[in-house]
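J.: If you scroll down you'll find the structure; I have some questions about it.
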Amino acid sequence: VPRVNQVSHLRQQVDEYIQYRAATALARVGRPSRVMRQVLFLALCGVLWRRSSGQAKEFIDTMEHDIQPVTGQTFDGAIRKFRDRKVSAVLFYTKNNECKKFIDGPYNELAKELKGMIKIAAVDCDDWPVLCKDSNVDKHPTVVVYPPNPIPAYPYTGSLTKKDLAGHLTRHIPSNVVVIEPAKMDEFLTTHIAVPKVLLFSNKQKPPVLFNALSNEFKDKLDFGFISQEHTELVKKFKVTTFPKLLVKRVDKKDEHYKGDMKFTPMFEWLNVFSETFVKGGGFADHGPAGEAGAAGGADAKPWLVQSIPELTKASQHDVCFKQKGLCVIYLKRGDTLAADEEKMLEDLKAKFVSHLADRGVTFYWMWMNMDVEKEFHTLFEVEKYPSVVVFNNKKDRKRFTKMGDDKDATSDNIKDLLDKILGGDARFKNVPDMPKWADRAQKKEKDEL
C-alpha cells in the first residue's frame, strides 16, 4: 500500500475514535467532568496531529519524485553494494525550505533525466544523523558523489543546477564502447563472434552518454560499437540514411533496427532481448582452438565470416569455400583490396543467383583471390588476363574447376554467362590432383580492443 494511503487510513481511524469517545461521553451525563476532559484532550491531540501532518508533507514522496530515499539501514544495499560499476549521487538534507526547494526542483529533474543511468538518492539527516556524520556532511543540502571503485566518494562542490550536476556525474559513467574506424569494422564484428554487436551510427564525433551507460549495463553480454557519419563507406554498407541509427548485428541473422525513442529505458528494454546469459569466453564456442585462425582476439578474428565477398586465403579457405557443399565462384585479381564497384557487381550477382537457385538445390559461394600473393594458384589456373573468374566444384572425393576464357572481360554479363553454362551442364571442368600450396601471410598481433 502506498504511504499516502496508509496516512489517510490512519487519520480516518483517529477521527472515528474521537467520534466514538465523544458519543460515549455524551451518553454518560452523570460523569461529565472527567470524561469530557479525556474527550477534549483526545480531540485536541487529533486536531493538532492532523494539522501538523498535513503541513509537514513528505519531503520526498515516491509518488511524485524519482529520487530514491535511503536510510541508515538501506544505505549499504542501495549504494555501496553497486559501486563496482554504478555511479550514485546522494543528497544529504534536513527539513528546511532550502532543501525542499532543491529536492522539488533541480534534484528531481536530475533524477528524471538520469533515470537508469545513475542512481539519484537522498538521506534525511534529521532522521539519520549518525549516517550523515559518518559521511562527513555538516551542511545541508550537500550532494556526495559515489563513483565506481576504486575512486573514493567525495562531496560535490559545484553549482546545484541540473545541468552542472548532470555534466559532473556523467563523466564517471564507465564506457565499453569501441569507436570503430573502417579498417577495424570486420575485426570488431568477428571478435567474440557469438556476442551480438550493437552499432550506433551518429552525426556526432564521440559516443553519447546514453550509449556509454548502456554499454556499462550490458558489459560482457553485448559488444558496443560507435560509427561516425564521416565514415561514409560504413554508412553506405549498412544502408544508414538517418542519424542517429541504432542496430543489432548477429551472425547468420538479419540486422535488427531500433525504432523507438532515443531514451535510456526503452533502449535498455529493447537491447535486453538480445543479451545473453553467458560471459565472454565462458563456455560458448565462438572461436577456434588457441593458436588457430579464429581464436578470440584482434589479430585472430575471422573477418571473412561477416564479409559479403570475403578474400580466399589459407586462413579463410575452409570457412568460405572448401568445407562447403556447393560451387565456389572465385573472382581473381591483382592487388590486396576489392574495389567498391567490383564488390557491388559481385554482390548483385550473388543476390540474383540466390533467388534463381532457391528451388534447384545448387549453392554458389562468392569470394575473391589476390593473385599477386597466391602465386601457385596462378600457375594452376593458367590465367593470362586479370581480373578473371574460376568456379570450383567442391566434391570431397575430387576437386575440379572451370574458368572464364581469356578472351572475355570479367563483367557482370560474362560472369552470368559462365554460371548459366555450368547450370546447363555445358561447362568443362579440369581435375585438380593436388591442391596448390597457400601463401603464408604474416599477421599483426594487436591487443584485443574489447
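The values are calculated or read from the model by the stated rules, or taken from the named source; none is laboratory data. Keep in mind that what you see is a predicted model, and the values were worked out from it rather than measured. As a convention, Cβ positions derive from the backbone with ideal geometry for all residues, glycine included, and neighbour counts pool all protein chains shown.
J.: Do you know which residues across region 332-352 are touching a residue at least 40 places away in the same chain (Cβ under 8 Å) and either assigned by TED's automatic domain parsing to the domain that holds Leu234 or in contact with an Asp or Glu (Cβ under 7 Å, 6 or more places away or on another chain) (or both)?
T.: Of everything in region 332-352, just one residue is touching a residue at least 40 places away in the same chain (Cβ under 8 Å) and either assigned by TED's automatic domain parsing to the domain that holds Leu234 or in contact with an Asp or Glu (Cβ under 7 Å, 6 or more places away or on another chain) (or both), namely Arg334.
J.: Suppose we keep only residues that are surrounded by fewer than 18 Cβ atoms within 10 Å (Cβ to Cβ) and out of contact with any His (no Cβ under 9 Å at 6 or more places or on another chain) within region 141-158. Which one would you say is farthest from Phe82 (Cα to Cα)? Steps first, please.
T.: Start the filter on region 141-158 by keeping residues that are surrounded by fewer than 18 Cβ atoms within 10 Å (Cβ to Cβ), which leaves 148-158.
The next check asks that each one be out of contact with any His (no Cβ under 9 Å at 6 or more places or on another chain); those that pass are 149-150, 152-155, 157.
Details: Asn149: 9, Pro150: 12, Pro152: 14, Ala153: 13, Tyr154: 16, Pro155: 19, Thr157: 23 Å.
Applying the filter and picking the extreme gives Thr157.
J.: Please state which one of Lys385, Lys350 is closer than 19 Å to Val306 by Cβ, surrounded by 13 or more Cβ atoms within 10 Å (Cβ to Cβ) and among the basic types (Lys, Arg). Steps first, answer last, please.
T.: Details: Lys385 fails: closer than 19 Å to Val306 by Cβ.
Only one candidate passes the filter, namely Lys350.
J.: Pick from Phe92, Phe102: which is of a type in the set (Phe, Trp, Tyr) and assigned to a strand (DSSP E or B)? Full working, then the answer.
T.: On the way: Phe102 fails: assigned to a strand (DSSP E or B).
Selected residue: Phe92, the only one of Phe92, Phe102 that is of a type in the set (Phe, Trp, Tyr) and assigned to a strand (DSSP E or B).
J.: So, in region 105-153, exactly how many residues are under 29 Å from Glu269 (Cα atoms), part of a loop (DSSP other than H, G, I, E, B) and of a type in the set (S, T, N, Q)? First the steps, then the outcome.
T.: First, pick out the residues of region 105-153 that are under 29 Å from Glu269 (Cα atoms): 105-122, 145-149.
So of that shortlist, the ones also part of a loop (DSSP other than H, G, I, E, B) come out as 114-118, 147-149.
Filter again for of a type in the set (S, T, N, Q), leaving 149.
Adding up the residues that qualify gives 1.
J.: Being part of a loop (DSSP other than H, G, I, E, B), out of contact with any Lys or Arg (no Cβ under 9 Å at 6 or more places or on another chain) and not β-branched (Val, Ile, Thr) is the filter here, so list the residues in region 66-89 that pass it. Let's see the steps before the verdict.
T.: Residues of region 66-89 that are part of a loop (DSSP other than H, G, I, E, B), as a first pass: 66-67, 70-74, 79, 83-87.
After this cut, where a residue has to be out of contact with any Lys or Arg (no Cβ under 9 Å at 6 or more places or on another chain) as well, the list is 67, 70-74, 83-84.
Gly72, Gln73, Arg83, Asp84, listed by residue number.
J.: May I pose another question? Report yes if Ala89 is in contact with a strand residue (DSSP E or B) (Cβ under 7 Å, 6 or more places away or on another chain) and either exposed (fewer than 14 other Cβ atoms within 10 Å of the Cβ) or without any contact (Cβ under 8 Å) to a residue 60 or more places away in the chain (or both), otherwise no.
T.: Values: in contact with a strand residue (DSSP E or B) (Cβ under 7 Å, 6 or more places away or on another chain): yes; either exposed (fewer than 14 other Cβ atoms within 10 Å of the Cβ) or without any contact (Cβ under 8 Å) to a residue 60 or more places away in the chain (or both): no.
Considered against the rule, which asks whether it is in contact with a strand residue (DSSP E or B) (Cβ under 7 Å, 6 or more places away or on another chain) and either exposed (fewer than 14 other Cβ atoms within 10 Å of the Cβ) or without any contact (Cβ under 8 Å) to a residue 60 or more places away in the chain (or both), Ala89 comes out as no.
J.: Further, regarding this structure: Starting from region 184-198, take each residue that is under 10 Å from Asp223 (Cβ atoms) and not assigned by TED's automatic domain parsing to the domain that holds Lys254 and list its partners that are outside any helix (DSSP H, G or I) and at pLDDT 90 or above, counting only C-beta distances under 8 angstrom and pairs at least six apart or across chains.
T.: none
J.: Under the condition of being at pLDDT below 90 and among the polar types (S, T, N, Q), which residue from region 245-301 is farthest from Phe188 (Cα to Cα)?
T.: First, pick out the residues of region 245-301 that are at pLDDT below 90: 250-254, 275-301.
When the remaining residues are screened for being among the polar types (S, T, N, Q), the result is 275, 277.
On the way: Ser275: 17, Thr277: 21 Å.
Result: Thr277.
J.: Continuing with this model, one more query. Report, ordered by the first and then the second residue, all pairs with beta carbons closer than 7 Å, sequence separation of six or more or different chains, a first member in region 236-255 that is not assigned by TED's automatic domain parsing to the domain that holds Val198, and a second member that is assigned to a loop (DSSP other than H, G, I, E, B) and at pLDDT below 90.
T.: So the pair list comes out empty.
J.: Can you name every residue in region 315-338 that is under 15 Å from Phe377 (Cβ atoms) and either among the hydroxyl-bearing types (Ser, Thr, Tyr) or part of a helix (DSSP H, G or I) (or both)?
T.: Matches in region 315-338: Ser316, Gln317, Val320, Cys321, Phe322, Tyr331.
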